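Okay, so here's the structure we're looking at.
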Amino acid sequence: MEPIVQLKEIVKKFPGVLANDHVSLDLYPGECHALVGENGAGKSTLMKILYGAYTADGGQILIDGKVHSYNVQGARDLGIGMVYQNFMQVPELSILENVILGDPPKKGIAIDYKQAKEKVSVLLRRFGLKADPDQPLKYLSVGERQKVEIIKVLFFGARILILDEPTAVLTPQESEELFRIIDDLKADGDAIVFISHKLREVVRVGDRITVMRNGRVVQEGWMRGDANETDIARAMIGKRDVDLIQNENRGTDVEPILEVRNLWYFDELGIAKLKDLSLKVNKGEILGVGGVEGNGQTELINTLIGLLKQSHGEIIIDGEDVSRASVSKRRAAGIGFISEDRMTVGLVLNGTIEDNVISGNEYNKAFSNGVVLNKDSISAYCEDLIDRYSIFGMTKGKEVGQLSGGNMQKIVLAREIERGPKVLIAAQPTRGLDIGATNFVREKLLEEKEKGTAVILVSADLEELMSLSDRMVIFYEGQIQGEVTDIAHTTEEEIGLLMGGAGSER
Amino acid sequence: MMDWISLLELGVRHAAPILLIAMGCLLAQKVSIFNLALEGFTLFSCFFAVVGAFVFKNVWMGVLCGVLAGVLTAVIYSVFILQLQVNPVICALSINTLVTGLTRYLLKPIFNTSGRFVMPSELALPTIHIGFLDSIPVVSVLNNKSVLVYLSLLLPFILYYVLFHTEFGLNMRITGLNEEAALAAGVNTKKVKYTALLLNGALCGLAGAELALSVYMFNVGMTNGRGFTALAAVTLAGAHPLVALGTCMLFGVSESLSIQLSTSGYSAYLLGAIPYAMALTAALLPRIIRLVSNNMKKKSAERQAIELHSN
Amino acid sequence: MKDKTSNLIRNLINSSNSIVAVLIAFLIGGFMVLLVGESPINAYSAILKGAFGSPTAIRNTVRFAIQVMLMAYSFSVCNRCGYFNISQEAQLYTSALAMVFVSFWTEGLPGPLRLVLMILAAAAAGALTCLIPAVAKFKLGVNEVVVGVMLNYLTKFICQHLIAFSPIAAKRTSSIVSIEIPEHIPVPVITVGAVLIVIAYAFILRSTIPGHRLTVTGKNKQFAQASGIDATKVLLMAAVTGGVLSALCCMGEILGYFHMIYNEFAAGMGTDGMTAAFIGNNTPIGMMFGSLLLGALKSGSVLLSVLTEVPTELIDCVQGLIMFFATIKFFNAAQIDLKRRRVVE
């Protein structure tokens, strides 16, 4: 059979990142091709190139055997449709208007609403939606809105459908329904790309499975049955073969410093991101929080430090209930925070090291007299930090945004650790860093453990979690899917299963 | 007692330029550009409508020049904000300041006068007499108006049709509400925004022409805040063209009422404040109500979900 | 050492944007002068003479410069944290009304007490007026510009009504003004006061905790929040400061010069402040220069029509042009920085 789409050696660069590094991919009519990989592996970028939303810096796109280059409108004319990761919808407008946007049927200069309505009604019925096309979209449930996204693509006659993490917002039942729709579409001869990092689903729908990591295809076109969830997890995560610092002194006291009880958090769409979550972190312990990204880890961090208000539940630091306390009160109670997003949350890039270090700590006696800043003392303090944390390239008056990623992260570490936290929350602390900086961060985290700090390490890097944690919990859909206490005798594959929502507690 | 018929008649005439500006403003608002330069667009058009009519000795050339001046300012504005990414508010305010100064200044080199320039009355915008209207009570106030006034009354309906029944209208609405969604559907949103802004300029041009040519003169600052009144009318109308027809009419009548009041020694100022007070309420009140009700709804939904889980 | 020079260069690049904008504006202004058959040199020297040629001229320049500067600071303190303070004229109207009403109601109280009450009332009125759009923006998500513009017109009409038809209306005159208030502040006190405010503003911004928090919140709100700074509180405090600065400007004008409320006295004052803020790139010193420039233009315009045939509106045009061009980044310090780095690499 001839492939309907051939992507050949696609290259896409973003400032500082090689998002797609000579990626090739084939799609066949009547098949569902699952594209798997961690966040940032380059799946969405590749698909936006196929949909014409991005232009590739290199490579070719062949549709029906012919080379094409096009924008979004051109892609739609070729029969390519994409369902984005987040809804591309206007909730205030009617279902009909949302669906026909881009290619409305016309009668003269006017939109032929009658014809459009008939066509949309047929599609709605086919997807089991009882809604009236003229009804505003906002009254539909999240699952129904996801269906409308697919209807949008079918409405203009797409035969190549890209579904970018379509199940991220769906319940298991809704997902199952979606898979039946995918089967239907395949029967009609449509080609489907299904992007996900939920392994169970990938095995369920993928006739062909391709795994991407760091902008490259690491596993090309497994056929259905060639790979199980474990194989996919292994390919997704990969192995690092360099010497990184390990936690040599596992095991801890049982003296909880941080306690979380029955935590609930709902996002703006009303979806529960944390479901009745409880956990404890002990003194001198590194608790590794694993799981595929987007399963509640970010929400846990943000509710802990006070950036999000939990809907229900308690947070207790060293006996002190901080459930309703502000960010600054929680910091005073002993929370330290290394953000996963150091470019926007962790640092103020267009500020100096002084700005970064003293913010939120201005009332410290070393920094001010309560009103006026003591600039000399602050400078001296920062000089000392630059020295002790070996922050290279930092000179007076320079903005921290001009430093390398590793040196930026050292400033974050310096600022948080020097405050002497009781609980240190480290989110993706080594992401994007080179080996040297990674080891520096690891060393500092282990030092904190030795000092008796309770450390929460949230990371997408399984190797990192397994080499640093004393104990691990794996998140799945806002709940703890499993806890791992004996890390030395657990394999990555077993954890991979927990991450995919399968497996049980060890 | 006041004469209601003449009040209404005057109201229609006052409403016409506000309506034209408001329809332009509405187009910009639909693509989510909050245009504060309406005053500048219109004042520039007033001036060049008079220049055109005077130089070519033809009132229609005046209208054309007015429209061109409106489009020209709109081109400058849109290039600055869409291409050079200048803050739209600052850009709009500087256009307003510049146009105010420029139109005052240019009176000297062009007409060798200052403050105002009055043309011969032959260059007034002609009014149209529709015989049968006279016989209908109240509706007769619509008679003897210039073609631009009739156009302004028709425009809300045209715009309604364009916005809700054509592809361009749909593209415009979605561009304004969620630009990413429009881009994802292959809509060239930049083109949509340019078109909306240039139409906005042209409509302000017509408003300027109507303002200046109906009285065949240019007067410094003759727009007198109408751009902002139009903005208030559109805000109050929730950017719906037919509702905006109503709010513009309301403001037109209130303007003529305030003129009648001030000649009889009453305070007309509070009447002038009404459009802005109403627009302010319209902008704030629904948000406050929605904020409170959404909060309550969300809380109760969450409580239900939690209870369901624990059972 | 090397970084210190590059910092200096960056500041120079930033200010050169404004200098280029001003030069272009004057150049175009020059052509406009030619249009009325006058010599640009004559016109500009007339302005210069009008601004600095005599003690009276200098006094006027200083007066206008102070007025513009306080408005510029009021705009800038809000702009630093992303709040577009467009309701400045409303702040002027409400604080003026507050002063005159307090003066009217407290007749019989000792003079100094009345003055203090008036000042407090004006500051409170300015702050509250500035807070309305700020709360709308930060709490309700309503565009602060919509609210600000509507407030400007609303307060303008209310002020007109009150000075025409209320106890504070001056009934004897034909023009629309309020009653005259007996309280005065001598002009030298106002001048010294303004200088003190400038110094205090620069000091607070650079060397105190609130100033630091404002700067950091303005640069990166998410970072500030995660660091334990209550960003919303900082933003609302900035709005209060902006309102008080507008009120101070109003106090200077009314207590020092007008002693009553003139019809539409605030018209254009907000735009002046905004222009100066943009010329000065939001830095305290830069804004001082910007205000001085606009103040000189204002007071210089008097002689323009006396000494030449050029209409005084030239000043408005030049100011509009400055504002227009000051928004364009002719030179982008960040980009130039990047280029330099690339060359080094």
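Taken over the range A:333-378, the residue count meeting the criterion of being within 8 Å of chain C (Cβ to nearest Cβ), hydrophobic (A, V, I, L, M, F, W, C) and either assigned to a loop (DSSP other than H, G, I, E, B) or surrounded by fewer than 20 Cβ atoms within 10 Å (Cβ to Cβ) (or both) is 6.
Does A:Ala414 fit the bill of being in contact with a Leu (Cβ under 6 Å, 6 or more places away or on another chain) and part of a helix (DSSP H, G or I)? Spell out how you get there, then give the answer.
Details: in contact with a Leu (Cβ under 6 Å, 6 or more places away or on another chain): yes; part of a helix (DSSP H, G or I): yes.
So A:Ala414 passes the test.
Would you pick out the residues in the range A:387-402 that are more than 13 Å from chain C (Cβ to nearest Cβ) and under 21 Å from C:His212 (Cα atoms)? Please lay out each step first, then the result.
In the first step, residues of the range A:387-402 are kept if they are more than 13 Å from chain C (Cβ to nearest Cβ); the result is A:387-392.
Hits for the range A:387-402: nothing passes.
Just give me the residues in the range C:62-90 being of a type in the set (Ser, Thr, Tyr) and closer than 22 Å to C:Ala202 by Cα, in sequence order. If you could, list the steps in order and put the result at the bottom.
Initial filter on the range C:62-90 (of a type in the set (Ser, Thr, Tyr)): C:73-74, C:76, C:83, C:87.
Once the filter is applied, which keeps residues that are of a type in the set (Ser, Thr, Tyr) and closer than 22 Å to C:Ala202 by Cα, the range C:62-90 yields C:Tyr73, C:Ser74, C:Ser76, C:Tyr83.
Quick check on the range A:128-166: of everything there that is of a type in the set (A, V, I, L, M, F, W, C) and over 29 Å from the mean Cα position of the chain (by Cα), which residue is farthest from A:Ala75 (Cα to Cα)?
So in the range A:128-166, the residues of a type in the set (A, V, I, L, M, F, W, C) come out as A:129, A:131, A:137, A:140, A:142, A:148, A:150-151, A:153-156, A:158, A:160-163.
Filter again for over 29 Å from the mean Cα position of the chain (by Cα), leaving A:129, A:131, A:155-156.
Values: A:Leu129: 28, A:Ala131: 29, A:Phe155: 14, A:Phe156: 11 Å.
Going through the qualifying residues, I end up with A:Ala131.
Taken over the range A:403-413, residues that are within 14 Å of another protein chain (Cβ to nearest Cβ) and modelled with pLDDT of 85 or more amount to 4.
Only one entry in C:Val102, C:Val149 is closer than 18 Å to B:Ala282 by Cα and either over 17 Å from the mean Cα position of the chain (by Cα) or within 13 Å of chain B (Cβ to nearest Cβ) (or both), namely C:Val149.
For the range A:261-317, a tally of residues being surrounded by fewer than 23 Cβ atoms within 10 Å (Cβ to Cβ), of a type in the set (Lys, Arg) and within 20 Å of the chain's Cα centre (by Cα) returns 1.
Is it true that B:Ile136 is surrounded by 12 or more Cβ atoms within 10 Å (Cβ to Cβ) and farther than 21 Å from B:Ser214 by Cα?
On the way: surrounded by 12 or more Cβ atoms within 10 Å (Cβ to Cβ): no; farther than 21 Å from B:Ser214 by Cα: yes.
Answer is no for this residue.
Summed over the range A:316-332, residues that are out of contact with any Lys or Arg (no Cβ under 8 Å at 6 or more places or on another chain) and away from every other protein chain (no Cβ under 11 Å) total 5. For the subset of the range A:11-62 comprising residues that are in contact with a strand residue (DSSP E or B) (Cβ under 8 Å, 6 or more places away or on another chain) and of a type in the set (Val, Ile, Thr), which member is surrounded by the most Cβ atoms within 10 Å (Cβ to Cβ)? Applying the filter and picking the extreme gives A:Val36. Considering C:Ile24, C:Ile41, which residue is surrounded by fewer than 21 Cβ atoms within 10 Å (Cβ to Cβ), in contact (Cβ under 8 Å) with a residue 12 or more places away in the chain and at negative phi? When all the criteria are applied, what remains is C:Ile24. Elements of the type helices (runs of 4 or more DSSP H) sitting completely within the range C:169-232 and holding at least 3 residues that are more than 12 Å from every other protein chain (Cβ to nearest Cβ): these cover C:187-207.
Within the range A:286-297, is even one residue more than 23 Å from A:Ser339 (Cβ to Cβ) and either among the basic types (Lys, Arg) or touching a residue at least 60 places away in the same chain (Cβ under 8 Å) (or both)? Quick ask: steps written out before the conclusion?
To start, the set of residues in the range A:286-297 that are more than 23 Å from A:Ser339 (Cβ to Cβ) comprises none.
The answer is no; no qualifying residue exists.
Is it true that C:Glu89 is of a type in the set (Asp, Glu) and surrounded by 24 or more Cβ atoms within 10 Å (Cβ to Cβ)? Judged against the criteria, C:Glu89 is a match. Checking each residue in the range A:71-86 for being assigned to a loop (DSSP other than H, G, I, E, B) and more than 8 Å from every other protein chain (Cβ to nearest Cβ) picks out A:Leu78, A:Gly79, A:Gln85, A:Asn86. Just one of the listed residues (C:Ser103, C:Ser74, C:Ser95) is of a type in the set (Gly, Ala, Ser) and either modelled with pLDDT under 95 or in contact with a Phe, Trp or Tyr (Cβ under 8 Å, 6 or more places away or on another chain) (or both), namely C:Ser103.
For the range A:169-194, name all the residues that are closer than 21 Å to A:Leu50 by Cα and either surrounded by fewer than 22 Cβ atoms within 10 Å (Cβ to Cβ) or not acidic (Asp, Glu) (or both). First the steps, then the outcome.
Filtering the range A:169-194 for residues closer than 21 Å to A:Leu50 by Cα gives A:182, A:185-186, A:189-194.
Passing the criteria: A:Ile182, A:Leu185, A:Lys186, A:Gly189, A:Ala191, A:Ile192, A:Val193, A:Phe194.
If you check B:Leu231, B:Leu271, B:Leu284 for being within 12 Å of chain C (Cβ to nearest Cβ), more than 16 Å from B:Ala16 (Cβ to Cβ) and within 13 Å of the chain's Cα centre (by Cα), only one passes: B:Leu231. Before we move on, is A:Ser175 at pLDDT below 90 and among the small types (Gly, Ala, Ser)? Here the answer is yes, as A:Ser175 does meet what is asked. Of all the numbered requirements in (1) closer than 24 Å to A:Leu465 by Cα; (2) within 13 Å of chain C (Cβ to nearest Cβ); (3) part of a loop (DSSP other than H, G, I, E, B), A:Asn302 misses one, and that requirement is (3).
Does the range B:65-94 hold any residues that are at the interface with another protein chain (Cβ under 7 Å from one of its Cβ atoms) and touching a residue at least 40 places away in the same chain (Cβ under 8 Å), and which are they?
Taking the range B:65-94 first, the residues at the interface with another protein chain (Cβ under 7 Å from one of its Cβ atoms) are B:84, B:86-87, B:89-91, B:93-94.
Within the range B:65-94, B:Val89, B:Cys91, B:Leu93 meet the criteria.
Scanning the range A:254-299 for residues that are in a strand (DSSP E or B), out of contact with any His (no Cβ under 6 Å at 6 or more places or on another chain), of a type outside the set (D, E, K, R) and under 22 Å from B:Ala301 (Cα atoms) gives A:Asn262, A:Leu263, A:Tyr265, A:Phe266, A:Ala272, A:Leu274, A:Leu277, A:Ser278.
Of the residues A:Gly401, A:Gly313, A:Gly336, which single one is in contact with a Leu (Cβ under 6 Å, 6 or more places away or on another chain) and in contact (Cβ under 8 Å) with a residue 60 or more places away in the chain?
Details: A:Gly401 fails: in contact (Cβ under 8 Å) with a residue 60 or more places away in the chain; A:Gly313 fails: in contact (Cβ under 8 Å) with a residue 60 or more places away in the chain.
On inspection, the qualifying residue turns out to be A:Gly336.
Does A:Gly420 satisfy being small (Gly, Ala, Ser) and in contact with a strand residue (DSSP E or B) (Cβ under 9 Å, 6 or more places away or on another chain)? Working first, answer last.
Working: small (Gly, Ala, Ser): yes; in contact with a strand residue (DSSP E or B) (Cβ under 9 Å, 6 or more places away or on another chain): yes.
Answer is yes for this residue.
State whether one or more residues within the range A:457-472 are at positive phi and either touching a strand residue (DSSP E or B) at 6+ places or on another chain (Cβ under 9 Å) or at pLDDT below 95 (or both). Taking every residue of the range A:457-472 in turn, none turns out to be at positive phi and either touching a strand residue (DSSP E or B) at 6+ places or on another chain (Cβ under 9 Å) or at pLDDT below 95 (or both).
The values are calculated or read from the model by the stated rules, or taken from the named source; none is laboratory data. This is a predicted model, so every value here is computed, not measured. Counting neighbours? That spans all protein chains shown, and the Cβs are built from the backbone with ideal geometry, glycine included.
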